[in-house]
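What follows is a short report on a single structure.
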Amino acid sequence: MSRVFNFSPGPAVLPVEVLEQAREEMLDWHGTGTSVMEMSHRGKAFISIAEQAEADLRELLAVPANYKVLFLQGGATGQFAGIPLNLTTPESVVDYVNTGAWSKKAIGEAKHYAKVNIAADAGEPYTSIPAVAGWKLTRDAAYVHYTPNETIGGVEYHFVPDTGSVPLVADMSSTILSRPIDVSKFGLIYAGAQKNIGPAGLTLVIVRDDLLGRARPATPAFMDFTAMAKEGSMLNTPPTYAWYLAGLVLQWLKRNGGLKAMGERNRTKAELLYGTIDGSSFYRNPVSKDARSWMNVPFTLARPELDKTFAAEAKQAGLVTLEGHRSVGGMRASIYNAMPLEGVKALVTFMREFERKHA
Ligand SMILES: Cc1ncc(COP(=O)(O)O)c(C=O)c1O
């Protein structure tokens, strides 16, 4: 068996220890004689797995007691609709900040449900964050939505915007658990699991209690935060195996020093990669220095005709899924929590060697 360094933007690399533990427990979870995949979600064994995962997540993120943690399905994309369905009426105004591809998708969906005000727009080519002082916020908006990390553009907020008494809603799909955050600054946080939480199929929602009880009558029950919170996220069959694997990832995070240690590690990885890019005239990252993502690092080659060769030679060196998003081109290295520093070191060594050969 040989493992490669996988720079996929998602579904993404998982910690090897987690995969090994899942393999160990695959046929017989803790003496039950069954796989977690085969268990009833209502049984004692799975309930203990589910409760432990929630407790670990609450501990890692220091989630205050007045927030519910929901383990849902439908991806972050489901929440692009789920959030307005739960938090607005058709008359509500909602503020959105547009920093790129994922903000745009969230905006497109919200427009079906409420009056969307674009409070700020970074504009093409979406390589920066609009200065907060210039945001045109609506005083009585139902919420302000932003995308703390644009997975495709590689643009990340290194601060949490202050929206006063208007609830702040954040799509943290590609940055959650990458460093400590103050959950109390948010009304709602949501994330697809397939980058820093676990496998695809699970969607995390952390929602402040006062935002519950507002869902529109026609909200599908499985998207209704209040109904789901009441049922412990088990109004219908949850994605049990993904929930279990997320639990293993959360335990791995705890064993490895929690989010403070993870943040330091992620900063080191990002600095090494950006340093290599900035130190060369062959590679280039287009994002403003104060908005560069720690998780997704797009870069271009001075000679774009070499893109395919770069990806092919990288693959031979055991460095895979480095092709950039089709809308941006070039390369992109996603370096989530489970990407070890050794992976980034291997990448920068390869990049320097490639430059020496081809520049
Ligand atoms: C920031 C962001 N938001 C939303 C999504 C969509 O998530 P999903 O595929 O879980 O619906 C993604 C997927 O990559 C993402 O990166």
Residue by residue, what Karplus-based ³J(HN,Hα) values in Hz, rounded to whole numbers, does the stretch 118-135 have, using 6.51, -1.76 and 1.60 with θ = phi - 60° and x for Gly and Pro? 7, 5, 7, 9, 5, x, 4, x, 6, 10, 8, 10, x, 4, 4, 4, x, 5
What percent do you get for the relative contact order of the chain when only Cα pairs under 8 Å and 6+ apart count? 23
Put +1 on the Cβ of every Lys and Arg and -1 on every Asp and Glu Cβ in the chain; which of 66, 192, 155 then has its Cα farthest towards the positive end of the dipole? 155
Charge tally in the Cβ shell below 12 Å around residue 161, where Lys, Arg are +1 and Asp, Glu are -1, residue 161 excluded: -1
Apply the Karplus parameterisation 6.51 cos²θ - 1.76 cosθ + 1.60, with θ equal to phi minus 60°, to every residue of the stretch 243-252 and state each ³J(HN,Hα) to the nearest whole Hz, in sequence, with x for glycine and proline. 5, 4, 5, 4, x, 5, 5, 5, 5, 4
Mind checking which of 106, 131, 12 has the largest fluctuation in a GNM of the chain, springs on alpha carbons under 10 Å? 131
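How big is the charge dipole of the stretch 67-221 about its Cα centre, in debye rounded to the nearest 20, if each Lys and Arg gets +1 on its Cβ and each Asp and Glu gets -1 on its Cβ?
240
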Looks like the chain, by Cα gyration tensor root eigenvalues a ≥ b ≥ c and the a/c under 1.5 rounded cutoff (else prolate when a/b is bigger than b/c, oblate otherwise), is oblate
Environment charge of residue 171, counting only residues whose C-beta is closer than 10 Å and scoring Lys/Arg +1, Asp/Glu -1: 0
If one builds a Gaussian network model of the chain from Cα atoms under 10 Å apart, the most fluctuating residue listed among 349, 300, 276 is 349
Which value, in Å² rounded to 10, gives the accessible area of residue 121 with a 1.4 Å probe and all protein chains present? 80
Sequence order, the stretch 188-201: Karplus ³J(HN,Hα) from phi using 6.51 cos²θ - 1.76 cosθ + 1.60, θ = phi - 60°, Hz rounded, Gly and Pro as x, gives 8, 10, 9, 6, x, 7, 6, 10, 10, 10, x, x, 5, x
If you restrict to DSSP beta bridges whose two residues both lie in the chain, what percentage is antiparallel, to the nearest 5? 55
Where Lys and Arg each count +1 and Asp and Glu each count -1, what net charge lies around residue 71 among other residues with Cβ under 12 Å from its Cβ? -2
Magnitude of the Cβ-charge dipole (Lys and Arg +1, Asp and Glu -1) of the stretch 12-110 about the Cα centre, nearest 20 debye, reported as 360
Restricting to DSSP H runs of at least four residues, report the calculated mean residue ellipticity at 222 nm for the chain, -39500 (n - 2.57) per run over all residues, nearest 500 deg cm²/dmol. -11000 deg cm²/dmol
Relative contact order for the stretch 135-220, counting Cα pairs under 8 Å that sit 6 or more residues apart, in percent: 21
Taking springs between alpha-carbon atoms closer than 10 angstrom, which of 149, 236, 285 fluctuates most in the Gaussian network model of the chain? 236
Each label sits 7 Å from Cα toward the beta-carbon; between residue 24 and residue 271 the label points are separated, in nm, by 3.4
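The values are calculated or read from the model by the stated rules, or taken from the named source; none is laboratory data. The structure presented is a predicted model; accordingly, all values stated were derived computationally and were not measured. Every residue, glycine among them, receives a Cβ derived from its backbone with ideal geometry; neighbour counts consider all protein chains shown. When the accessible area is computed, the model is the full protein with side chains, heavy atoms only, and any ligands, DNA or RNA have been set aside. Shrake-Rupley method; radii C 1.70, N 1.55, O 1.52, S 1.80 Å.
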